[in-house]
Each structure stands twice: as C-alpha cells, then as structure tokens.
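Here the structure is laid out as structure tokens; the discussion comes afterwards.
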Amino acid sequence: MEWPDITSILPEVILAVAALLVLLVEPFLKKDKTAVIALALIGLLASAVVAVALGGNSRAAFSGTIVLNSYALFFKVLFALAAFISILMSPRYLEASKRHLGEYYALILLAVIGMDVMAAARDFIAFYVGLELMAMCSYILAGFFRYRIRSNEAALKYFVTGVFASAFTLFGISLVFGFTGTTNYEIISSNLGSTGNATGVAFATALVVAGLGFKVSMAPFHMWTPDVYQGAPTTVAAFFSVGPKAAGFSAILIIFTTVFESSSEFWSVLFMVLSVLTMFVGSVMAIVQSNMKRMLAYSSITHVGYLLAGLAALGRGLDTKAGESIILYLAAYTVMNLGAFGILTYLKTQQPEGFDYSLKSFAGLGRRSPWAAILLTLFLFSLTGIPGTAGFIGKFYLFTSVVRGDLVWLAVLGVLFSAISAYYYLRLMIYMFFREPETELTVKEPIEGTLAAAVALSAAGVLFLGLFPQWIWDHALKAFSNLFG
Amino acid sequence: MAEKILFIIFGVLAIGGALMTITRKNVIHGLIALVFTFINVAMIYLVTQAYFLAVAQILVYAGAILVLFTFVIMFLDLREFREMEQFYPWQKYLVAILAPIALAEFIAVVVTASWIPTQQGITPEMLAEIGGNTWGVGVSLFENMLLPFEVASLILVAAMVGAVIMARKETTPNVALRAWAPADGPQPGQLEQEV
Amino acid sequence: MGYIWLIPALPLAAFLITILFGKWFIKDSAHWLPILAMAGAFGLSVAALIQSWGAEEPYVLNLWQWFTSGDFQIPLALQLDQLSAVMCTTVTGVGLLIFIYSKGYMHGDPGYYRFFAYMSLFAFSMLMLVLAENYLLLYFGWEAVGLCSYYLIGFYYHKPSAAAAGKKAFLTNRVGDFGFGLGVMLIWTLVGTLSYSGVFDAVGAGEVSDSALVAIALLLFVGAMGKSAQFPLHVWLPDAMEGPTPVSALIHAATMVTAGVYMVARSSVIFASARPALIVVGIIGTFTAIYAASIGIAQNDIKRVLAYSTVSQLGYMFMALGVGAWVAAVFHLVTHAFFKALLFLGSGSVIHAMSGEQDMRRMGALRGKIKTTYWTFLMGALALSGIFPFAGFWSKDEILGMQFKGGGYIIWIVGLIAAFITAFYTFRAVFMTFWGNDRTDPEVGKHIHESPKSMIIPLGILAVLSVIAGLVIGLPPEGGLLHRFLEPVFQHANEILGVEHHGFGALDVVLMIVSVLVALSGIALAYLFYIRRPDELPQKAGKKAGWLYKGIANKWYMDEIYNVAIITPLVEGSRVIYKWFDVAVIDGLVNLAGRIWGGFGKMARPFQTGRVENYALIMFLAVVVIVAVVVL
Amino acid sequence: MQIPIEWYLILSSALFIIGAAGVLLRRNLFIILLSVELMMNAVNINLVGFSRFHETLIGQNFVLFTMAVAAAEAAVGLAIVTALYRNKRTLMIDLFNTMKG
C-alpha cells in the first residue's frame, strides 16, 4: 500500500492538529483562554499560508476523492480568513456573555476542515462527510449558549431542518450513484448524460439542490436563517453567514458543472426561479425587520439570490464567467458581512444586557462611538454595492456575467433588488447619524484588542477588493480555470 | 426466488415498523418499533449479501444509537409528554395529503428510470472466493475512501465535544434557579434575552 | 495639464485632515484648510479653463487602472475639456465664496468642523463628477455627491424633519440612480466600453441601434431627473432646505442639482442621436419649469420659495437641452449658479439677522435694517426675474429665443408664463421680506443686525457676478464668449442634430423686449398686491367704512376684481397644486412605493412562524413541487 | 436470481417518505430524531441495493459513512434535547418559537 499523499491535505491536517491541541490544552486553562485562541489563530494562519504555498499544484489525491488545485486552495484560504476574523472577534464577546470555553475554537476549526473538504472533494462520499462535519459543528455552535432559550432554539431549528435537508441530499446522491455506479464526480460526469435518464437526473438534481440550498439558505429552504442567526451567538452567526454559504457555493459550483452538467438546462431554469424568489423574500422581509441581526440575516438571503442569478447564468455556459464572478462575490461578501457582524458584536460586548440589536438602539451611534458608526457605514455601503467597495465589484462582475448569459431581465431584477436593499441598509445609517437615542447607552471602551483587529481586517478587505479588484479577479480566474483539475 | 420472497417479507415488516415508529404516542414504543425496522433492514442487507453491513446495522443502530436514546429517555423522564397532543393541529392534514403525493412522485421517477448495471465485477460470489464481504469492504474502504474515513473520525470528535459542552453538568456548585447553570452564568432573568 | 488631478485632490485632502483631526485639534479654525483648498482648486480650474481654450480634443489624464474584465477596462481617468473646465470653475468659484460665507454663518455651531469636512468631501465628489472620463467614474461622483447631500441635509440630525428630509432625498434619488445605473449597464452591454470618447465614437459611427439609443438616453435622463429634481422626482429638493443655508446654496442650488444638466450635456451625442428622448427631455423640462414656478407662489418659507424656483430654473435648462441648445443650457447653469447662490446666501443672511426665522409672513421692512443684504438680494432677484441687463436675462432669453426660432411656440409661451410667475413670486419674496410693514416678532426685532464681513463679501462678489456675468460671457446671444469657447465640445452633437445658429437680428430684440415686459409685469403685479395692497388691510378698511364708502372708492373695486380674477386663483391654485398634487400625490407615491414593499413584508411575515415544523414543511413542499415539475 | 433494483428503490422511497412524514407530523423531538434515522436508513437501502446492482463495494462503503454520521447526529441531537429540556422542561418543538417574523 502506497503512502498517502499527505501534502494534498496539509492545510486540513494542520487545522486538525490545531483543533485537537485546543481540546487538549483547554482543560488545563482556567479563566484565561489566550493560549487556545493563539493556537487556533496560528493553526488557521498556518493552514492559509500552506494553502498559498501549495499554489500551482494541480493533482488528484486519495484515489481521486479530493484534489489539490487552485480552486480548492482559493476556498481554503477564504474559509481560513473567515474563521480567522470570526475567532478574532469572539473572545470579548464570549466573556461578556459569560460562556468562554476553549471548545468553541476547536469547533470552528473542525468546521473549517469540513468546508475545506467540501471545496476540494471530487467524490460524493468525501463531499458528504465534509458537509456533515461542517454541519455538526454548526449545530453545536448555534446552541453554544446553552443557558439561553434563544440559543437552544437556534440549535433546535438548525438541527431539525439541517438533518432533514441533508437526508434529501443523501437520497439524491444515492440515485446518482445508482445511475452511474460510482461516486466520483469525473466519472459520473462522463456517464450520467449517456444513461438517458433526463427525468431521473433532474430528480436527483432537485434533491441535491434541496440540501445544498439549505446550507446556502436559498428560498424556500431559507426559513431557518433569520431565527438561527438571531438565536446563535453573534460571532457564530457571523461565521455562519459567510463560511457555510461559501462552502455550499464552492460545492454547488463543482457539483453542478461536473456531475449535473447534463441537466444544466433544468437547473439553470430552476436557479432562475429560485433566484427571483430568494431575492424577493430576502428584501421583502428585511425591510420590515426591527432587529438588525435578523435584518442582516434576510439581507444575506438577498445576497444569495444574486449568487443564484450567477448560477443560472453558469448553466447557460462557462464562457459567461459566472463561476469566476460567484467566487469573487463570495470573497467580497465574506469580508463585508463579517465586518457588519463584527460591529454588532462590539455593540453587544458594550451592553451585554441592554443592547438588543433593535434599530432604536443604534440611534445616536454616530456620536456615541463614531468609529463603530463609520465602519458599519462602510460595511453597509459595501453590502449595498456603492462603488469603491468590495460589494460593488462583486455585484458588477456578477450581474455582468448574468447579462452575458442572456438573462438581462434577471440582471435588471438583481439591480432593482439591490436598489431596494439600499433602503434597509440606509435606514440603519439614518438611525446612527440622524436620530437621538431614547435612552443614553454608555460606551465602556473603544473598539480594541482582537475585535479591533477583526473589524480592521474586514474593512481593509472591503476597501482593498473595492479599489484593487484586479488582484482578486485574477485569482478567481485562476481558481475557476483549474476547477476540473 | 427465495430471495424475492424474503425481501418482500422483510420489506413489508420494515415499512410496518416504520409506520409504527412515527405513530406511537409512547416514545419507548416508537423506539422499539424502530429497532424492529432496523433489524428488518439488516435482514434485507443479508438477503443482498452485504454481510458486514448487516452486522454493523444491528451493532451501530440497534445497539449503540438506540441504547443512547433509551438512556436519554430514562434520564429525562418523559412520561408527562404522553398525555400531550402528539401531532400538529393542521399540519398533519397537509402532510397526510403531501406525503402520498411525494411517495407517488418518488416511485414514479425511480420506476420509470432506466437502470443500467455498470458491471464492475465485484460480485458476492467473487468476494466469497477471495476473502469474503467484510474483507472486501475493508479493503475498498482503506484503498478508496481513506480520506472520508479520516474526516468521519473528526465528525465523531466534533459530535463528542458537542455533546459534552451541550449536556455536561457544570462542576461549580450553585444555588441559582436552574440547577444546572453555574453561579456566574446568566441569571434566570437573562434566560430569554437576545444573545 | 497634468495638474488637473489636484483639483479634486485638494478638497479631498482637506476633508481627510479635517475629519480626522477636526474634533480634537482643529476645532474652531476648521474653516482655514477647506477654504485654502478650495482657493487652490479654483486657481487651478481657472488655469485649466484658460489652457483648454480652443483645444480640439479633450485632455485625458490616466491615473490608475481600476479593473479589467475581459476586454473591458475601467481606468481611473480624468478628462478635461471646455465643458468640464467651465463646470470646475463654477463649482470651485461659487464653492469658495460659499465656504468663506460659511465661516460666518456656521460660527459657533457644535458641528463646525464636521460641516467643513463634509462640504470639502462634497466639493471633491462634485469635481470628480465633472472631471470623470467615463460613465463609471461619473456614476461614482454621482453617488458620492448624493451621499454628501444626504449627510448635509441631515446635518441638524436632532431635528426629526431634517432626518426625514434626508431619507426622502435618498429614496427619490434611488429611483433616479436606478435608471442611471441601468443606462450605464446598457451602454456597457451594447458598446463594450464606458469611456466617453469610446461611447461617443461608437454612437457616432452608428454602431448602436436607434431604439437602444432611445432607451439609453431615457434611462440616463431618469437619473438626471432624480438628481436635478425634475418632475415628478422633484419632491426631495424643497425638503432638502432643512440643511444649513450654505448647503442649500452650494449643493441644492448652484452645483449638485445641475449634475443632471451636465450629464445630459456631456452625453449630447447620445441624446442628439435619440430624438424621441430629446423631446421627452424638453417636455419634462418645460412642464417642470411652469409647474414648480406655480407652486412657488404660495410658499411662505423664504428658502422654499427659492427651492421651487431652483426646480423651475432647472426645468428651463432641460427645456434648452430638449432642443439641442446645449450651450444655452450650460450658460443658464452658470448664471443660475451665481444668482441662485446669491439669493440663498442672501436669504441666509436674512435668517441670520432674524435669529433663525424663515417665515416671510413674520418679516417685512428689513431693507433699512440690513442694507447690504437687501441690495445684493435685489440684484439676485432681478437676475432671476430676467430683467435687462442682469445675468439671468441673457441666459433665459437665449433659451426662450431658441424655442421661438426653432418653432416651439407652445414651449415658448409656457416658458414666458413661467417667467412671468417667476418674476411675480421672486418679488413677492422681496417685498414681503424687505418692504411693507414690519411684521417681525418684537423680541426678534431687537436683535436684527447686519451679518459679519465674511458673509457680506461673498454676497457682494456674487452680486457683481449676477449683474455682469451675462454681459461678459453671453454677448452677443448665441455667439458669445461661452459659445465660442464650448464649440468643440458640442460640435459633434450639433452636426447630428443639424442645429443652425441664426445671427443676432431684429427678431431677437423683439423677443427680448417681450420677455422683459413679461418679467416687469410680473414684478408690477407683485408690487400691486404686496406693497400697494397688503393682504389684510383692505378687509379691515372695508369693514370699518361700510358699504357706502366702498362704493364710492372705485379704486378698491378694481382691486377686488383683480383679487377675484387673478390673485385668488393664482395663489389658491398654487396652494392647491402644492397640497394636492405635490404633497398628496407625488409624495404619496414615493411613500407608497416604500409602503407597498413594507406591506409585502408584513404579509410575508406570518409565514415565518418561528415554528420549525412549518419550516420543514415548506422545504418538503418545495421539494414536492419541484419534483412534480420534473415528473410532469 | 437477483432482486430487481426497483424493489429496493420502492422500499427505500417508502421508508424515506415515512421518515419525512414523521419529521413533519410529530411534535416530540425524540420521535423526530427517530424519523431522521429512518430516512437515513432508507438511503442506506438504496446504496446497498445499488452496490449489488453495479457489482461494486463503493455503495457499502458509503453506508458505513452514513452510519457514522447518523451516530454523530444522534449524539448531537440528544445533546440538544438535554439542553432544551433543562431550560424549558419540554420537548414539544412547536413551543420553541420565541423568534419569528
């Protein structure tokens, strides 16, 4: 038996080692968790660095269950970054919520491993275990504040809908296996179209969409999203809103362009319909929210709607550059959404009891803590898609690719919905700058420590991607060109 | 022929057990019905000559998982729930309509699809000659699915860690209303607050 | 001309330094840096203006490649041609004066440094807008000026009305920006580039179909309607007067609102090739001109009168663009910037003197107390009314003259009526504020004082400009300095349209006399009703004297007839239009759009029951439906 | 004499839908967990049937992984059950609806 190709999974190995070390060290720590935080951060950093260093490789490993290529590596770096920022903003928040356990960091690392595997998998079994590893960690993280009803509820809702949805995916995968006798994407891809089962393949596609759609919260599989974001610890919600979504899309991209290539006409139309539905649901519901955590949840659903429009275009052909645009959008979305949640985390840290995320509690923030207000404004601008920010670049490329796919009407709808989205993002800004607070909340401390680092990283990311988009676009091009490698 | 008859018998029994599982008021009864279903499914594996899985099915499901369930049921003392309404007031009617439709759709698709065997050649007979089903599954697992195997171990680690932090009793003695929360944890008034 | 990047960069630097250090270090001397920056930008603009004289091709300065997507590139590039030079000079010149004015006006405000920081940011954005080399950068400037505008409208954030006004401005502008964004996207899809020269070359070469050009032009114009407050997207501008007066002067009168005019003029090649769209521009402009003027009659807040007059004057500019009178539009833009800034600053000076009072019904007889303000304000009012030889006369007359000569008699008549109304309400404001009886609150009356020098000097300069600007750059009509200067910019569009310039002749003189007469009669009517016969006196007199006396005093009957026949319909009609159409219908529509969406949300909310079994059911249902579609 | 593959599929469809119906019908979180186990078992039947059908062992390997996942899911689910029960003294999941709209 050959020695397995460890190099190809080195980033994950590092993360696994870091996670296990965290679990080992944790029992020896009392109040001060600096050691495990440092371990987790170093692990993530090392895995990202290794992923960057491995760049240029392009090979399959572990009997073709996973690959090592720039597509997988791009996502590995992205997931590590998302987790890195999430972890940076966690310590103060967890302390303020009186539940600071080292296991938290281990779970996030394990979830990242799951995501890495999802992006690198070229085999349904590997994909499935990656998905479940991520999901398992997510369920627990959602219910991490076990003394809080809301956190319990979030875990319950996530768990019940999650296992339900993943059962559907599993059924779909089993059918694909039945059609072709293999779980390897590449072999399936070359065989599935020739089995002459258009209906059967479309059926399997629909079932897989149900499960993956749940992960990326596309309507109508989105129902859990606002409740779970609201009930889960804010830092976890921040991580959820970017990590599993990006992982879900990384898997969707690869699965739908290889395995379900033969049913691309079907899923292109399906994603068109779901895209409109998702954008509609997200924006309509976001507008009536008074809780900003929920508002961000619904707005993230709207963003998924944009991404689905890109997927619909991808179904029209690879030359639409939709895949690249989706990758770029995910990167942009990661930094801006994490930043917005970072500010929420900061505010909650300031007022563990008083702050309830309501629109009113943002009144007068512009004077109370101008930095938080300015940074939040930046992130909201980016989410709206104002030029100069990452969000604009993402939307620009994404809608351009939609237009290239001859779906001008869908691009117009997308632009329309992002115009509407300005309304609910702006409302928050109006409260921050133009409203007097009803009850004066005090500022205990400025943004500092790791939280400041997290927010600064996100802000830098938003501006960097907004001002120098060429860099990320080149990487997205490179990543997607290597998708099948 | 005998295979087919056995398949039908075990299949019908499995479906019966499944129906029992989702309709029993008493959780324990449902659990026993589920064990029954699982044993029948294991029998179907046997009929299919997947011997290792048949044993694993009984060990893992009927053994480990269901014992875990029983343990938690005993631990939590759920008798009081038996008196409560078990089904949703209006949703049950919707499901009663939807589920048959879904079943019809599923069966329509799977029956009309053309299933073409790819004949990869690893038949039970061949396996029996060169080392048996268990050997074959093991070799296949470690040759082809080594990475998923490792990841699966991490899933179990995550689940274990999760179960511990979600359910472990706090060591700090406390006098708070909720007997399981530590003294410095959130107080009863904070239970319903935004997190 | 490599220095043009400095023109926007100076205000940007001023903004950054002021916002970062303003609170702790600069504080009360926050005005110095922005003023110096503006002065520098103004000097450079003048230099650029002189250097661009006669240049055939625009000067393009490539600063930095922003991003590429395939063969599509977005360079961060600035372009200087005669049009942008004129715009730059106007923006920086008027801006400089308003900055100086603000030193006095905003003195002692707790947000002093913030004000100057945002104003600098605005100047930066506006200069980027006019110096942009491509539509994307234009869009950036477009959004950025909007943003500064909302900030500054809501500057007094503790006032709920200010916050509401900011929100309204944002929402209305979103409609416009949406159209504009779509237009830019369409350009890019059809042409494959966004740089001006590339787009105009492609359009000129006939690469784009006519219907597509009309669509592009109309979408761009929707953007212009939002930013330049054209009917029905004008509702935000009057409310924008909640901001500090210098903001109203700079942003909501002199510069930002003219961005739409600039954009249409800049896209003259596109519009010239899309005749139907051009007609729409003309009609909307004409209608806005008379519509806003008619509302101006019944406003009592001095700033709101000026706001509606701004909307109306912008309508004139679009009226001019509608017949391809690009230069006339730019000419009016420039003169309007001078006299409208003057009027706003003058009104600011009045408000300053009146300790914040803005209602003209509680003013009166101020001309003796604040003489300089009165005289400068009068200059502005004369210019706005279009009295010979003030600046407004030349530009407005040119617009109207071109309509007449182009055969647009109906538009010409409507324009004249609007001019009449403009003269009427402008002098209504002058008379109510500075003449007649003293209706001021005695408490306020004690403190009336002339404004400080920093406010008076800009007023004086602007007054001089309002008097002479037309004479200097607009004479002779349709062939003046500005015309010759801007010729290269619009050459192409004029060729497409086939616009001919008539020489100056007797017809022009007649038209001029007509329009002056119309303006004078408007002033006379205002004089009649607000000086000769102030509102409440006749009723009193009538009651005391009884029927007999009234019968003898014939003169009064005449006035009554006037009253019934003209003034009541005029003022009441104006009030009705304002209340029913502007406030109820258009505001209502804007609010409705938000409400409908919110209503959808409210309807959809119950579906998010918070119960996980329902969520699972919906997922299941979705799968069943999708599979049903697959199977059938 | 092999069993036709459709038989496996029909059986697994039936078990799968029964499991799904169980999730949708029952208020008690315990029964829901049991129903999910049913659904996963239905998929396992599919996989085993196909494994035989295609004469490969990949399907049987896959079943091992779903079993592992099912075990992990059960553990996490029961942990959530405990936390819920301790805070609210009930397992009727429709009573957990503080967040909605």
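The values are calculated or read from the model by the stated rules, or taken from the named source; none is laboratory data. This is a predicted model, so every value here is computed, not measured. Note that each Cβ is placed from the backbone with ideal geometry, even for glycine, and that neighbours are counted across all protein chains shown. The accessibility values were calculated without ligands, DNA or RNA, using every heavy atom of the protein model including side chains. Shrake-Rupley method; radii C 1.70, N 1.55, O 1.52, S 1.80 Å.
Only DSSP H runs of four or more residues enter the estimate; each adds -39500 (n - 2.57), and after division by the residues of chain A the mean residue ellipticity at 222 nm equals -25500 deg cm²/dmol. Here the Karplus relation 6.51 cos²θ - 1.76 cosθ + 1.60, evaluated at θ = phi - 60°, turns the backbone of region C:13-25 into coupling constants of 4, 4, 4, 4, 5, 5, 6, 7, 10, x, 5, 9, 9 Hz, with x for every Gly and Pro. What percent do you get for the relative contact order of region A:3-481 when only Cα pairs under 8 Å and 6+ apart count? Rounded, it is 15 percent for region A:3-481.
Taking 19 Å as the straight-line reach from the Cα of A:Lys31, the aspartates and glutamates in range (excluding those fewer than 8 positions away in the same chain) are A:Glu95, A:Glu103, B:Glu170, B:Asp184.
For region D:5-90, the share of accessible area belonging to carbon and sulfur comes to 63 percent (1.4 Å probe, ligands and nucleic acids excluded). Evaluating 6.51 cos²θ - 1.76 cosθ + 1.60 at θ = phi - 60° for every residue in region C:458-470, the Karplus couplings come out as x, 4, x, 4, 5, 5, 4, 4, 5, 7, 9, 4, x Hz, glycine and proline recorded as x. Straight-line cross-link partners of A:Lys157 among the lysines, defined as a Cα under 27 Å from its Cα and at least 8 positions apart when in the same chain: A:Lys98, A:Lys215, A:Lys245, A:Lys293, A:Lys348, B:Lys25, B:Lys92, B:Lys169, C:Lys602, D:Lys88, D:Lys100.
Please work out the C-alpha center-to-center distance from region A:396-425 to region C:334-352 and express it in whole Å. Here the answer is 41 Å between Cα centres. The 3J(HN,Hα) values that the Karplus relation (6.51, -1.76, 1.60; θ = phi - 60°) gives for region C:296-307 are, in residue order, x, 4, 9, 7, 10, 7, 4, 6, 5, 4, 5, 4 Hz. Gly and Pro appear as x. For region B:42-63 and region C:212-287, what is the separation of their C-alpha centers, rounded to whole Å? So the two Cα centres are separated by 76 Å.
Amide H contacts under 5 Å for C:Ser228: C:Gly260, restricted to partners 5 or more places along the chain or on a different chain, H placed in the peptide plane at 1.01 Å from N.
What whole-number value in Å² describes the accessible area per residue of chain A for a 1.4 Å probe? Spell out each step's value before the answer.
Numbers: 11880 Å² over 485 residues.
With all protein chains present, chain A gives 25 Å² per residue.
Summarising the amide proton neighbourhood of C:Ala132: residues at separation of 5 or more, or on other chains, whose placed amide H is nearer than 5 Å comprise C:Gln79.
Please find the FRET efficiency linking B:Ile107 to B:Met20, where r is the Cβ-Cβ separation and R0 is fixed at 22 Å, and quote it to the nearest 0.05. Efficiency, from the Cβ-Cβ distance: 0.55. D:Glu6 contributes about 50 Å² of solvent-accessible surface, heavy atoms of the protein only, 1.4 Å probe. Just the protein heavy atoms count here, and of the accessible area of chain A at 1.4 Å, carbon and sulfur take up 66 percent.
For region C:437-452 and region A:130-156, what is the separation of their Cα centres, given in Å? Here the two parts' Cα centres lie 68 Å apart.
Inter-chain neighbour count for B:115-127: the average number of beta-carbon atoms from partner chains within 10 Å of each residue's beta-carbon is 6.
Roughly how large is the A-C contact in terms of buried accessible area, totalled over both chains, probe 1.4 Å, nearest 100 Å²? Walk me through the numbers before you get to the answer.
Details: alone 18000 and 26090 Å², together 38780 Å².
Interface area, both chains combined: 5300 Å², rounded to the nearest 100.
Between amide H atoms placed 1.01 Å from N, distances below 5 Å from A:Asp5 occur with A:Phe62, all of them 5 or more places distant or on a separate chain.
Can you tell me, using C-alpha contacts under 8 Å and at least 6 residues apart, the relative contact order of region B:1-89 as a whole percent? This gives 25 percent for region B:1-89.
With contacts taken as Cα pairs under 8 Å and at least 6 residues apart, chain C reaches a relative contact order of 12 percent.
Could you work out the mean count of beta carbons from other protein chains within 10 Å of each residue's beta carbon in D:3-10?
On the way: counts 9, 3, 5, 6, 5, 6, 10, 7.
Across the residues of D:3-10, the mean count of other-chain Cβ atoms within 10 Å is 6.
Just add up the charged neighbours of C:Ala329: K/R +1, D/E -1, any other residue whose Cβ is under 12 Å from the Cβ of C:Ala329. Before the final figure, lay out the partial values.
Values: positive: C:Arg266, C:Lys396; negative: C:Glu398.
My count for the surroundings of C:Ala329 gives +1.
Using a Förster distance of 45 angstrom, determine the FRET efficiency expected from the C-beta separation of B:Val67 and A:Val269, and round it to 0.05. Show your work: numbers first, answer last.
Values: r = 48 Å, r/R0 = 1.06.
After rounding, the FRET efficiency stands at 0.40.
Solvent-accessible area per residue in region D:5-90 equals 11 Å², computed with a 1.4 angstrom probe and all protein chains kept.
Chains B and D: how much accessible area gets covered up at their contact, both sides added, probe 1.4 Å, in Å² to the nearest hundred? Walk me through the numbers on the way to the answer.
On the way: alone 15790 and 7320 Å², together 15460 Å².
Chains B and D together bury roughly 7700 Å² of accessible area.
Bridging of C:Lys227 to lysines at a Cα separation below 27 Å is possible for A:Lys395, C:Lys159, C:Lys167, C:Lys168, C:Lys303, C:Lys340, C:Lys396, C:Lys579, once same-chain residues fewer than 8 apart are set aside. Equivalent-ellipsoid semi-axes for region B:8-101 (Cα gyration tensor, √(5λ), whole Å, largest first): 27, 20, 9.
With +1 on each Lys and Arg Cβ and -1 on each Asp and Glu Cβ, and nothing else charged, work out how big the dipole of the protein assembly as shown is about its Cα centre, in Debye to the nearest 20. Intermediate results must be reported in sequence, preceding the final value.
Values: 84 positive and 81 negative charges, 899 e Å.
For the protein assembly as shown, the charge dipole is close to 4320 debye.
Cα-based radius of gyration for region A:3-481, normalised by 2.2 N^0.38 Å, reads 0.92.
How much net charge surrounds B:Ile155 when only the other residues with a Cβ under 11 Å from the Cβ of B:Ile155 are counted, with Lys and Arg +1 and Asp and Glu -1?
Details: positive: none; negative: A:Glu132, B:Glu150, D:Glu73.
That works out to -3.
Checking an interface number: how much accessible area is buried between B and A, summed over both chains, with a 1.4 Å probe, in Å² rounded to 100? Walk me through the intermediate numbers first.
Values: alone 15790 and 18000 Å², together 29300 Å².
Rounded to the nearest hundred, the buried surface is 4500 Å².
Could you work out the local net charge near A:Pro226, counting Lys and Arg as +1, Asp and Glu as -1, over the other residues with Cβ closer than 9 Å to its Cβ? Spelling it out: positives minus negatives among the neighbours equals +2. For the peptide A:110-117, the mean number of other protein chain Cβ atoms found within 10 angstrom of a residue's Cβ is 3. Expressed in Å, the radius of gyration and Dmax of the Cα atoms of the protein assembly as shown are 36.5, 133. Here the translational diffusion coefficient of region A:250-353 follows from Stokes-Einstein with Rh set to the Kirkwood radius across Cα pairs; for 20 °C and 1.002 mPa s it amounts to 143 µm²/s.
So what is Rg over Rh here for region B:127-167, counting just Cα atoms and using Kirkwood for Rh? Rounded to two decimals, Rg over Rh is 1.28. Surface composition of region B:1-89: carbon and sulfur make up 77 percent of the accessible area, probe 1.4 Å. Positive-end ranking of C:Gly179, C:Ile496, C:Phe287 along the dipole of the protein assembly as shown, with charges on Cβ about the Cα centre, is headed by C:Phe287.
Calculate log10 I(q)/I(0) of region D:5-90 for q = 0.13, 0.17, 0.21, 0.23 Å⁻¹, where I(q) comes from the Debye formula with a single equal point scatterer on each Cα and nothing for solvent. Calculated log10 I(q)/I(0) at the listed q: -0.49, -0.73, -0.95, -1.05. The dipole here belongs to region B:1-156: it is taken about the Cα centre, uses +1 on the Cβ of Lys and Arg and -1 on the Cβ of Asp and Glu, and is about 480 debye. A 1.4 Å probe run over region C:366-501, with the rest of the protein chains in place, finds 39 Å² accessible per residue.
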